[in-house]
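The values are calculated or read from the model by the stated rules, or taken from the named source; none is laboratory data. No experiment lies behind these values; they were computed from the predicted model shown. Reconstructed Cβ throughout: ideal geometry from the backbone, glycine too, with neighbour counts over all protein chains shown.
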Amino acid sequence: MASLYGFVQRLYLVFNPPAPKAPSESPLRFGILGAANIAPIALVLPVKSHPDAVVKAVAARDQKRADAFAKKHEIPKAYGGPGAYQKLLDDPEIDVVYNPLPNGLHYEWTMKALAAGKHVLVEKPSADTAEETRRMFAFAQEKRLTLMEAFHYRFHPATGRVKEIVDSGELGTPTKIEVTLGIPSGFIKDTDCRMEYGLGGGAMMDLGCYAVSMSRYLAGADPTKVISAKADIHPKYPQVDIATTATLAFSGSRGSTGPAEGLTATLNAHFRLPARWGFLPQLPKMFVRVSGTRGTVELYNFPGPWIYHYISVESSEQEGGPLRKRTEKRYGNLGWTTYRYQLEAFIDKLRGRNPEHWYDGQDSIANMQWIDAIYTETGLGPRPASMAEVPQPTAT
Ligand SMILES: NC(=O)C1=CN([C@@H]2O[C@H](COP(=O)(O)OP(=O)(O)OC[C@H]3O[C@@H](n4cnc5c(N)ncnc54)[C@H](OP(=O)(O)O)[C@@H]3O)[C@@H](O)[C@H]2O)C=CC1
Ligand SMILES: O=C1OC[C@@H](O)[C@H](O)[C@H]1O
């Protein structure tokens, strides 16, 4: 009963965030590129409870769509029509751009936003390729602007707790990581941008990017090679993976953050989990599990731990000893989503404070390198680079 009350209370506060007690007189002003589905939960709602941020404008390719989004979310300015994205970038009342466009447009509009002197929060995965990601971060550095890839799960206390357990040595030497992200069949339509190769579509891009990121984070290092990678191809779109499974090798000596010799990570990204017995829809499958020589930890629902999650741990004092089991939960601040934690860190960084958690451009570049490598191993090859002509950093 208590947990049902907690669940309802959490979700109520997520969708009805309390206004900040002492709002800033000159908050950071966000502009959103595209009336994207993800924008309300990932930015609009989190901003409402932050004392130092406001959403000032939205831009959409269609004026009516921009107006409707702005009205619904109480955003003062709505740019619409073919030149709308650039108009938002040129608006001197915008300090920070949120880029939730399809993956294949992340590079173009992040480079344009940086050229316009704006900080950028770009949705995951950063771009189509590692090379585009490298250019984006080089340009941000040159312009002395902050660019962050929105791996919101990293900022949540549940993820932090799992990292702490792995690094504490409680599980012994880590030997295996499994990260699975699967969405039941029927949710992602053929018309979704996730299914369009030219827009950076594919399951490894959309869901697999989390798996690559999580495995690298918990291993405390980058992989050394792709051992295997296999893609199931969309029946109509031969360059788009409906599902990809990849196994990565990690090696090196284990220090407090280094990975174990012989550690492997198996990553599963699936857009269309089949119905059980052909008719019973499955629940989304989203978890990470780390096994070591003395135990295992599993975090269920790491992309959405604020809705519901558990951390189950089994460990023994010595290898082969009796296993003790326990379950933990880490909801953190009441009503704070992964996105609210992410916003806190991003704004801390912009304001020159030390965020509780942070990752830099190198992390995002490396993540994209391993996504490229996995696609190469499947035979599909990396996603196509953007053809847009965009401003470039001086030193490329
Ligand atoms: N952090 C997270 O939890 C999540 C992140 N994402 C990421 O956010 C991004 C967007 O995802 P999502 O919100 O689901 O996608 P949507 O399709 O809802 O939004 C994408 C937006 O891109 C704009 N757009 C511009 N050009 C095109 C084009 N050629 N085709 C389609 N759309 C176009 C549209 O804006 P307009 O209004 O101008 O027409 C649209 O609103 C992706 O990068 C995805 O990986 C997605 C879901 C969850
Ligand atoms: O970022 C995401 O997280 C949840 C998924 O359902 C979605 O496809 C993806 O874009």
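Find the residue count for the range 105-126, including only residues that are part of a helix (DSSP H, G or I) and either more than 14 Å from ligand 2 (Cβ to nearest atom) or farther than 18 Å from GLY200 by Cβ (or both).
Final tally of qualifying residues: 10.
Select from the range 39-82 the residues that are part of a loop (DSSP other than H, G, I, E, B) and away from ligand 1 (no atom under 11 Å from the Cβ) and list them in ascending order.
Residues satisfying the conditions are SER49, HIS50, PRO51, ASP52, HIS73, GLU74, ILE75, PRO76.
How many residues are crowded, with 20+ Cβ neighbours inside 10 Å and either more than 22 Å from ASN103 (Cβ to Cβ) or of a type in the set (Asp, Glu) (or both) when one looks only at the range 172-203?
Counting residues in the range 172-203 that are crowded, with 20+ Cβ neighbours inside 10 Å and either more than 22 Å from ASN103 (Cβ to Cβ) or of a type in the set (Asp, Glu) (or both) gives 2.
What about VAL97, is it at pLDDT 95 or above, over 13 Å from SER364 (Cβ atoms), within 16 Å of ligand 2 (Cβ to nearest atom) and not in a helix (DSSP H, G or I)?
No.
Could you grab me the full set of residues in the range 188-201 that are assigned to a loop (DSSP other than H, G, I, E, B) and within 11 Å of ligand 1 (Cβ to nearest atom)?
ILE188, LYS189, THR191, ASP192, GLU196, GLY200, GLY201
For residues that are among the charged types (D, E, K, R) and touching a Pro at 6+ places or on another chain (Cβ under 9 Å), scanning just the range 272-292, find the one that is surrounded by the fewest Cβ atoms within 10 Å (Cβ to Cβ).
By that ranking, first place goes to LYS285.
Checking the conditions here, which among VAL96, VAL122 is touching a helix residue (DSSP H, G or I) at 6+ places or on another chain (Cβ under 6 Å) and among the hydrophobic types (A, V, I, L, M, F, W, C)?
VAL122
Listed residues GLU344, GLU317; which is assigned to a loop (DSSP other than H, G, I, E, B) and charged (D, E, K, R)?
GLU317
Across the range 293-315, which residue is surrounded by the fewest Cβ atoms within 10 Å (Cβ to Cβ) among those that are polar (S, T, N, Q) and closer than 15 Å to PRO174 by Cβ?
The residue in question is THR293.
Are there any pairs with C-beta distances below 7 angstrom linking a residue in the range 7-34 that is in the same structural domain as GLY104 (by TED's automatic domain parsing) to a residue that is within 16 Å of ligand 2 (Cβ to nearest atom) and among the small types (Gly, Ala, Ser), with the two at least 6 apart or on different chains, and if so which?
Within 7 Å, the pairs are ILE32/ALA39.
Sort out which residues of the range 107-118 are surrounded by fewer than 23 Cβ atoms within 10 Å (Cβ to Cβ) and either at pLDDT below 95 or over 18 Å from MET368 (Cα atoms) (or both), and write them in order of number.
Passing the criteria: LYS112, ALA115, ALA116, GLY117.
Test ALA158 against the stated conditions and say whether it is touching a Lys or Arg at 6+ places or on another chain (Cβ under 7 Å), in a helix (DSSP H, G or I) and touching a residue at least 12 places away in the same chain (Cβ under 8 Å).
Yes, satisfied.
Of the residues LEU350, LEU334, which single one is crowded, with 19+ Cβ neighbours inside 10 Å, touching a residue at least 60 places away in the same chain (Cβ under 8 Å) and either hydrophobic (A, V, I, L, M, F, W, C) or touching a Leu at 6+ places or on another chain (Cβ under 8 Å) (or both)?
LEU350
Taking only the range 130-155 into account, find how many residues are crowded, with 23+ Cβ neighbours inside 10 Å and in a loop (DSSP other than H, G, I, E, B).
Number satisfying all stated conditions: 2.
What is the number of the single condition among (1) within 16 Å of ligand 2 (Cβ to nearest atom); (2) more than 17 Å from the chain's Cα centre (by Cα) that PRO284 does not meet?
Failing condition for PRO284: (2).
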